[in-house]
Amino acid sequence: MDLFGLLQLDELSHGLANLSMFPFFDMAHYIVSILSLREQPGAFEVSRASPLACWFSSMLFCFGGAILSAIMLAEPVVAPLSNSTSVLLASITWYLVFYCPMDLVYSCAALLPLRLVLSGMKEVTRTWKVLGGVAQAHGKYKDSLLVMIAIGWAKGAGGGLISNFEQLVRGVWKPETNELLKMSYPTKITLIGAVLFALQQTHYLPLRTHHLMLIYTVFTVVNKSRMMLTGSSASPFAVIELAIYKTLFTGHSPYAALTGEVQKACLDHGATNGTTSTAGSKEIGGNGAAGKSTPVSPVKRQKGSLQAKEESEDADTANCKKIN
Amino acid sequence: MDLFGLLQLDELSHGLANLSMFPFFDMAHYIVSILSLREQPGAFEVSRASPLACWFSSMLFCFGGAILSAIMLAEPVVAPLSNSTSVLLASITWYLVFYCPMDLVYSCAALLPLRLVLSGMKEVTRTWKVLGGVAQAHGKYKDSLLVMIAIGWAKGAGGGLISNFEQLVRGVWKPETNELLKMSYPTKITLIGAVLFALQQTHYLPLRTHHLMLIYTVFTVVNKSRMMLTGSSASPFAVIELAIYKTLFTGHSPYAALTGEVQKACLDHGATNGTTSTAGSKEIGGNGAAGKSTPVSPVKRQKGSLQAKEESEDADTANCKKIN
Amino acid sequence: MDLFGLLQLDELSHGLANLSMFPFFDMAHYIVSILSLREQPGAFEVSRASPLACWFSSMLFCFGGAILSAIMLAEPVVAPLSNSTSVLLASITWYLVFYCPMDLVYSCAALLPLRLVLSGMKEVTRTWKVLGGVAQAHGKYKDSLLVMIAIGWAKGAGGGLISNFEQLVRGVWKPETNELLKMSYPTKITLIGAVLFALQQTHYLPLRTHHLMLIYTVFTVVNKSRMMLTGSSASPFAVIELAIYKTLFTGHSPYAALTGEVQKACLDHGATNGTTSTAGSKEIGGNGAAGKSTPVSPVKRQKGSLQAKEESEDADTANCKKIN
């Protein structure tokens, strides 16, 4: 508080907290969401084959958070649809992005400078959504931190969390992955925001609401801009994540639980290093032949992503050698 | 109104509006629904392997609309089950259709004349369901046309809209298609009905409720009978649909957005025309090998169906030539 | 009642009915549930790749019944999460089972004597859950036996009934099977319990609540222990099930509905007997090639399981010969 006073940020944070999301920030959220839908593989074709499925998919992208939190709180799922102005705005956006003559809207919105601004504005709406969800849950379940986090997370990252079912609307089904198995950056930053706002609302975090809003908004906007400008998808939390993971979730002992697993991984690793092209083609063939009728464990892909996330392949290999 | 008075249809429409659906029309709905379940591939085998799954599937066919609208309005999903008489009636129908000695009931009900009468009666229940859904939503969300349409549609065509999950009960999973991607005739006519009744309830459509009920019921019954007698599955709205589609959803310019797509479609087209058998076998092989692990875009099948719907292959080909 | 008085079991049943499930019995339920999650193929790998997905899956195993019944009664799905003590207890259990140093907890809990005790205690919680669900539904839907059975069943066997979606969290999707198509023993015993308690609550079954609790608890505990000690998975109801199935669900006439089916089954049977290895490899190949893009009827697997359940292959074969 003192620091905020000193830096004269108190007024700024008050101004931000009183900002109205409607219509400009909401509009930016709709545009960026529908752009990202359009860039999904197969989405453009669906928009030509079935405009209705495409519209429904777009609404799930735009109002996914509201829908998911409504389901979790046993409130009517159609409630987000009852706000005619928002739905109309989102529908116009959907129409212009997918069907505008000469594809003008998509071409303009996809230009980097404009997209940067729109994405920044979308990140601002995230703060409002997460805070809205946390406050709503706080009103219903006074002292349940977990419910507050869950609802805040659902409201802020709903579109991602229900992506399996959103894809199903477009006739795509990818059960081997979901946002819980492999979190994307927006889902992760929303979860962190939900935790922070839940702690703040229950006074475990000694900050005022509008100060936390300012801090969180600045962080998300700056980070998103950085990621878009550098084209990097590296999470700013990779180091912390890795530390937590190594401390809590490896079972502490390489000899007890993990030995078999790690050894197998080492063997796989060796085979991959030795005969990369063969292994690659085999994997494609294997995937193709197996289809989804056998319960394929998603761990191979996951392990790969985890290694990439950890950026510690050398450490792994060293580990393997120690065991062998 | 005047017209109705002149044609002495006012009394008829009043009589229709006061008609009770229970028990005869409801019964016809159950019979036709369970007949269509039984004619699904694999359903008869499921009825022998697991009567409980078959019963649950039948209830989803019979009460799908009530269940889907309950989910959307955050009302108890079990509420339709609490009406013991309806469930008993539907369960008896289910038992007789699937397990009757000598398969008498199925053989009789599947005879064209009886089935025609039953299907006509089922179409009558559609009017009541759509109107019920629209009125229920009107009571809760006064001025939201969209919610009224959604609930009316869900109530009238729920069984179709949740078909992906109904199939899952029977161990079948077809994510590449759903009623939004490729609407069947009943879903389409129910959507139109929901739109009409929603407009009527909000006084945008200057008609009395019982007059609209008469018009809509007569249209659905006559049209269903025509389709069953001629064996045609052509939608009576194909021309209007095509006009709307061409006007709104093609992007207006063949040179901007669609060029790549259309050219590709032309190339595909040419290849298909030239070497049909090869392409066919390749597609089967491709489908088989790829399984569902790759996010297969459903557009090929869709495009095919769309072309069939449009019945305008020549126009497309001409278009292709112009571009090339 | 008299019998209970004579056997001096009245006091025992009162004592049982006043037993508190928290914390020891609940704890046993969490441990056994999470052990069974850990023993699912691929679950251990998921616990390493994504602890969050693993935690969410564990919560679905522990609170699946509460979540499913909340969905069915349109109560907030997050309500089970709002009981912080239970969630904390379940989360600690989850952590210890999956990530304990030296894998001590899993190794201990998996020892037969301890597991036997824990499984017995888990069976005791089933009685409380089923009764809780039935009583809750009785309070809301006075005279609807079906809703009472449904909610009691959902509350007692929720984890199993939502297993398709629990698996989806871990990236596994097995649409060709579910608990309705092929019921496991716990699902079956819970259904029977739900029926009994629903009949008791509506006074169709002339027993006092605490007497029925004693009888049902003793039966489930004894039966579970027997199954664990003998390693048999034979259902104690197999004979009754078969009798009901043969009486009600075969259509009574081998000549009318089933002829084609049974003949085909006979042919399949003959082919399988003659060339087992070929058929086997063909099936694997077929499954592999077909993936899930064709609506594979689940009947072959089902029929197999049914035959095993019935233990009446000879009867079937005799039947076939008679028809041929």
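The values are calculated or read from the model by the stated rules, or taken from the named source; none is laboratory data. Remember, it's a predicted structure, so these values are computed and weren't measured experimentally. Reconstructed Cβ throughout: ideal geometry from the backbone, glycine too, with neighbour counts over all protein chains shown. Keep in mind that these areas ignore ligands, DNA and RNA; they rest on the heavy atoms of the full protein, side chains included. Shrake-Rupley method; radii C 1.70, N 1.55, O 1.52, S 1.80 Å.
Can you tell me how segment A:106-215 classifies by the Cα gyration tensor, rounded, prolate or oblate, using a/c under 1.5 as the rounded cut? Taking the square roots of the gyration eigenvalues as a ≥ b ≥ c, segment A:106-215 is oblate. Take each residue in A:142-148, count the other chain C-beta atoms within 10 Å of its C-beta, and the mean is 5. Each Lys or Arg adds one and each Asp or Glu subtracts one; over the other residues with Cβ under 12 Å from the Cβ of B:N164, this totals -1. Karplus-derived 3J(HN,Hα) values for segment A:97-103, using 6.51 cos²θ - 1.76 cosθ + 1.60 with θ = phi - 60°, are 5, 8, 10, 4, x, 6, 6 Hz; glycine and proline are entered as x. Taking 1.002 mPa s as the viscosity and 20 °C as the temperature, the Stokes-Einstein diffusion coefficient of segment B:1-142 based on its alpha-carbon Kirkwood radius rounds to 127 µm²/s. When C:H138, A:H29, B:H203 are compared by accessible area at a 1.4 angstrom probe, the order from most to least is B:H203, C:H138, A:H29.
Label sites at C:L116 and A:R208, each approximated as a point 7 angstrom past Cα along Cα to Cβ, lie 6.6 nm apart.
For segment B:1-78, GluC sites (Glu not before Pro) meeting the loop criterion (DSSP other than H, G, I, E, B) and having at most 15 other Cβ atoms within 10 Å: B:E39. Solvent exposure of B:Y30, expressed as accessible area, is near 10 Å², computed with a probe of 1.4 Å over the protein chains only. Using θ = phi - 60° in the Karplus curve 6.51 cos²θ - 1.76 cosθ + 1.60, the 3J(HN,Hα) couplings for segment C:172-188 round to 10, 9, 10, x, 6, 9, 7, 5, 7, 6, 8, 6, 7, 4, x, 5, 5 Hz; x is entered for Gly and Pro. Remark: relative contact order (segment C:74-149) = 12 percent; criterion is Cα-Cα distance under 8 angstrom and separation of 6 or more residues. The 3J(HN,Hα) values that the Karplus relation (6.51, -1.76, 1.60; θ = phi - 60°) gives for segment A:147-163 are, in residue order, 5, 4, 5, 4, 6, x, 5, 4, 5, x, 10, x, x, x, 5, 9, 4 Hz. Gly and Pro appear as x. Chain A and chain C together bury an accessible surface of about 3400 square angstrom, both sides counted, with a 1.4 Å probe and no ligands or nucleic acids included.
Inter-copy label distances at B:L205, shortest first and taken from points set 7 Å along Cα to Cβ: 5.1, 5.1 nm. Pairwise Cα distances in segment C:203-253 exceed 15 Å in 66 percent of cases. In terms of its C-alpha gyration tensor, segment C:21-236 has a prolate overall shape, because the principal axis ratio a/c (a ≥ b ≥ c, square roots of the eigenvalues) is not below 1.5 and a/b outweighs b/c. Distance between the pseudo-spin-label points of C:E11 and B:A234 (7 Å out from Cα toward the beta carbon): 8.6 nm. Surface calculation, 1.4 Å probe, protein heavy atoms: C:M121 sits at approximately 50 Å² accessible.
Other residues with beta-carbon under 12 Å from the beta-carbon of C:S225 carry, at +1 per Lys or Arg and -1 per Asp or Glu, a net charge of +3. Take A:K140, move 7 Å from Cα toward the beta carbon, and the resulting point lies 1.4, 1.4 nm from the same point in each other copy, nearest first.
The loop-placed trypsin sites (Lys or Arg not before Pro) in segment B:149-253, going by DSSP, that have at most 16 neighbouring Cβ atoms within 10 Å of their Cβ come out as B:R208. Take the Cα radius of gyration of segment C:1-60 and divide it by 2.2 N^0.38 Å, N being the number of residues; the result is 1.85. Using heavy atoms of the protein chains and a probe of 1.4 Å, the accessible area assigned to A:M148 is about 0 Å². Other residues lying with their Cβ under 12 Å from the Cβ of B:K122 contribute a combined charge of +2, Lys and Arg counting +1, Asp and Glu -1. Distances from B:L7 to itself in the other copies, using label points 7 Å out along the Cα-Cβ axis, amount to 7.4, 7.4 nm in increasing order.
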